[in-house]
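The values are calculated or read from the model by the stated rules, or taken from the named source; none is laboratory data. What you see is a predicted model, and the numbers here were worked out from it, not measured in a lab. All Cβ positions, even for glycine, are placed from backbone atoms using ideal geometry, and neighbour counts span all protein chains on display.
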Amino acid sequence: MIKNRILKKLSAGLMAGLCAFSMFGSSMSGVITANAASSSTENAAFPSADTVIAKAANLLGTPYTYGNKGYWYAYDQGQYTPLSVQTINNLGIDCSGLVYYTLTQLGYSTSGFSWNNPVPVDTDHWLTVNDNCTITYDGKTSKVEVEKKNIKTTDRPYWECADGSVITAGSVVVAQNPGGEDHAWIYMGEFDSRNDVISYLRSIGVSEKLINSKTVGDGKGAGGKHWRIESSGSEGVVINNKTDGKTATAMNMSAFRITKTDVTFEIDKYNTDGDLVGKSSVDNSTAVYGIYSDKSCTKKGWRNYNRR
């Protein structure tokens, strides 16, 4: 589940980095929400990864057809016209088409790429990303956050950024294949087993009739716990933990975040010398919550906020 995947990434150490975080009262228990400071790439309007994945999963079982995007006239500026799911099921859809369909259906739009109608239509367009590219959702615009860019799969698996951190669930992944066709998919996150994937799909409202042995992989892929939804040249729209593109070769990977990063996590809390302390269930590190008056967290404010 997404909550489980988030918990693996969070610790009190992360919370200690958010200086301006405060707790109200010392008897609170259960779930606490922490938000990182906003940035030019942070978009509070972004939907959850669940929303993005559920929309893409509407097309599970659709055959692969090169050039089909789920819309008529995707290459005619401003003229894109949606097709019904039944029509797409009959006509098929390609890998970048699955991404295009998902984002366009959800109401995203972009600017600054070589083609925005309303978002990049294919992998070539996504790979023209630059510092001027923006993405808009629900009326709010932010700079496009590139989580990784042009990193070879021989250096990092597709789900890892240059620093080893994991890309955000729901992110668009574009694989540039120097020796063949490019590929694209949507990253779903980490799951312990195929059964966990199926449970997750049910929890976000994916129709039971779309979940079967042909649409959800056996879990034996090279990606291990990392799963994706893609339109595969040989299988159509499927969910799997594979890592290859249209040909099994080293690829240059890029990833673009399109979902919110606000997270909810659980910690154990107890009082030490009168201070409210949180203990991470991830690595057992602890933090004293409060506010510092400087960005480097050296000048104590209303309450200590130190990593212990």
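Some notes on this structure:
- Gly139 surrounded by 22 or more Cβ atoms within 10 Å (Cβ to Cβ), at positive phi and at pLDDT 95 or above: no
- So Ile229, is it buried (at least 20 other Cβ atoms within 10 Å of the Cβ) and at pLDDT 95 or above: yes
- Among residues that are farther than 21 Å from Cys95 by Cβ, at pLDDT below 95 and surrounded by fewer than 19 Cβ atoms within 10 Å (Cβ to Cβ), Asp268 is included.
- Test for Gly179: is it surrounded by 13 or more Cβ atoms within 10 Å (Cβ to Cβ) and assigned to a loop (DSSP other than H, G, I, E, B): no
- Members of region 59-74 found to be more than 13 Å from Asp94 (Cβ to Cβ) and either buried (at least 19 other Cβ atoms within 10 Å of the Cβ) or of a type in the set (D, E, K, R) (or both), listed by number: Leu60
- Any hit, region 87-103, residues being without any contact (Cβ under 8 Å) to a residue 12 or more places away in the chain and over 18 Å from the mean Cα position of the chain (by Cα): yes
- Scanning region 141-188 for residues that are in contact (Cβ under 8 Å) with a residue 60 or more places away in the chain and of a type in the set (Asp, Glu) yields a count of 4.
- Residues that are out of contact with any Asp or Glu (no Cβ under 9 Å at 6 or more places or on another chain) and of a type in the set (Gly, Ala, Ser) were ranked within region 232-249; the one that is modelled with the highest pLDDT is Gly236.
- Conditions (1) closer than 19 Å to Lys55 by Cβ; (2) at pLDDT below 95: number failed by Asn177: (1)
- Positions within region 114-126 being crowded, with 19+ Cβ neighbours inside 10 Å and among the hydrophobic types (A, V, I, L, M, F, W, C), in sequence order: Val119, Val121, Trp126
- Complete set of residues in region 128-158 that are in a loop (DSSP other than H, G, I, E, B) and either over 19 Å from Ser114 (Cα atoms) or touching a Leu at 6+ places or on another chain (Cβ under 9 Å) (or both): Asp138, Gly139, Thr153, Thr154, Asp155, Arg156, Pro157, Tyr158
- Any hit, region 92-114, residues being among the aliphatic types (A, V, I, L, M), assigned to a loop (DSSP other than H, G, I, E, B) and in contact with a Ser or Thr (Cβ under 9 Å, 6 or more places away or on another chain): no
- Against the conditions (1) within 17 Å of the chain's Cα centre (by Cα); (2) over 21 Å from Ala54 (Cβ atoms); (3) surrounded by 15 or more Cβ atoms within 10 Å (Cβ to Cβ), Ser165 satisfies every one except (3).
- Answer residue from region 189-227, given it is closer than 20 Å to Ala175 by Cβ and touching a residue at least 60 places away in the same chain (Cβ under 8 Å) and is farthest from the chain's Cα centre (by Cα) among those: Gly223
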